[in-house]
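Working notes, beginning with the structure itself.
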Amino acid sequence: MTPGASPSRPWPRGAAVTEPEDRDRAAPGGASFGSLADAFLEMMAAERGSSPRTVESYGRDLADFGAFLRAGQHSALSVERDSLRAYLGQLAGQGLSPRTQARRLSCLRQFFGFLLVERHRADNPSLGLDSPRQGRPLPRVLSEEEVRALLDTARTLPGPNGVRMVALMELLYSTGLRVSELVGLPASAVARDPAVLLVRGKGDRERLVPLGDPARAALRDWLAVRDQTLPRSEAARKRSARFLFPSARGSRDGHLGRDAFYRALADLAARAGLDPGRVSPHVLRHCFASHMLAHGADLRGVQAMLGHEDIVTTEIYTHVLDARLKALVHSAHPLAGADDAGASASTAGKSDSQDGD
């Protein structure tokens, strides 16, 4: 893409980073930082299939970096690694979390990689910069009993919306789908009561996820009443009919909104006697992975079902494997009970000695 051209802006409003003064301050070669950033964001949306939220986030990150360049009178086409290191130091000085700093650095790596590929630069100055050291917080999960309480409570909800909630919960817990994947499922995905669900995830990548019997039963119940929830307007009805979970209000997207599902899930948690702050679609995705691993699933299999491109992402759940392996060694290793047996014998000996006295 040629910088300086007016991009079609497929990303959300507010993601673009161009400012009027930036347009006038063109970098050597006639390309301003704003036009380069706009071209990069359009590439992320159009060629890499990044979600609108990702592109919007990168737009904010580049806007912040652009302000740093202007303050130091740097150009994106000539800025050097030391300046980028200074920028990262500035982020740390502002108190931003290591996670946020790492995301900003990831954005810069991709941005300068784009400039390199497009031959605006002969190098990528962000390479060789160390990512901020991050702790690895364990994913928040619910116990199996708490998930069961949510499912049981969902079955008490009346009417078609109650049937829909059961289907949403069973599907989410059975597959570990992302919330955007769940609410955006096409009706055709379950048209023939499939044992395997075809999911289109991040980057438009497809994956196959097995469906358990409880989820399939819940989907059959939902399909029997689904048409009752379609909007009355013919145009809205046509727009919503292609989705498994249509929008009853005929929203522009045509399907149940993320926010609407978040609110329904919070209400369900309260009804089940759980803290709504502990329950979210992503927490249930964590529950799917953690509970699967706890019951013997293979890490690679869970990676495939979650749609993680890199196994490193799935390794956040290895705390479950650690606990399982410890229990396995304790129960299965021939010497695992030796210490306990020795301790028992020692205690018995002392007891006999005391009795003799």
I'd like the FRET efficiency for Arg148 and Thr100, computed as 1/(1 + (r/R0)^6) with the beta carbon distance as r and R0 of 35 Å, rounded to 0.05. 0.45
Diffusion constant of the stretch 144-325 at 37 °C, which comes from Stokes-Einstein with the Kirkwood Cα-pair radius and 0.692 mPa s, µm²/s: 194
For the stretch 20-117, what is the charge dipole size about the Cα centre, in debye to the nearest 20, if Lys and Arg each add +1 at the Cβ and Asp and Glu each add -1 at the Cβ? 380
Using the Karplus curve 6.51 cos²θ - 1.76 cosθ + 1.60 with θ = phi - 60°, what ³J(HN,Hα) values do you get for each residue of the stretch 308-315, in whole Hz, with x for Gly and Pro? 6, 6, 10, 4, 4, 5, 6, 5
Ala86 and Ala224 label points (each 7 Å along its Cα→Cβ direction) are spaced in nm at 7.0
Say the dipole of the stretch 20-117 comes from +1 at the beta carbon of Lys and Arg and -1 at that of Asp and Glu; which of Ser51, Pro98, Phe114 then lies farthest toward its positive end? Pro98
In whole Å, largest first, the alpha carbons of the stretch 212-289 cover along the principal axes 40, 28, 22
Rounded, prolate or oblate (a/c below 1.5 giving rounded, otherwise prolate when a/b exceeds b/c) for the stretch 20-117 by Cα gyration tensor: oblate
Would you work out the charge dipole size for the stretch 190-288 about its Cα centre, treating the Cβ of every Lys and Arg as +1 and the Cβ of every Asp and Glu as -1, and quote it to the nearest 20 debye? 320
Considering only C-alpha atoms, what is the centroid distance from the stretch 223-248 to the stretch 143-158, in Å? 26
If R0 is 51 Å, what FRET efficiency do you get for Ala187 and Ala71 from their C-beta distance, rounded to 0.05? 0.45
Students often get this wrong: which residues of the stretch 250-270 have the backbone nitrogen under 12 Å from the point 7 angstrom along Cα-to-C-beta of Ser233? 250-254
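Counting Lys and Arg as +1 and Asp and Glu as -1, each charge on the Cβ, what is the dipole of the stretch 144-325 about the Cα centre in debye, to the nearest 20? Can you show the working numbers first?
Values: 26 positive and 22 negative charges, 179 e Å.
Using only the charged Cβ atoms, the result is roughly 860 debye.
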What is the set of long-range amide H partners of Ser51 at a cut-off below 5 Å, with H atoms built 1.01 Å from backbone N? Gly203
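Only the coordinates and a few stated rules stand behind these numbers; no lab work does. Nothing here was measured: the structure is a model prediction, and the numbers come from that model. A quick note on method: Cβ atoms are made from the backbone with ideal geometry, for glycine too, and the neighbour counts reach across all protein chains shown.
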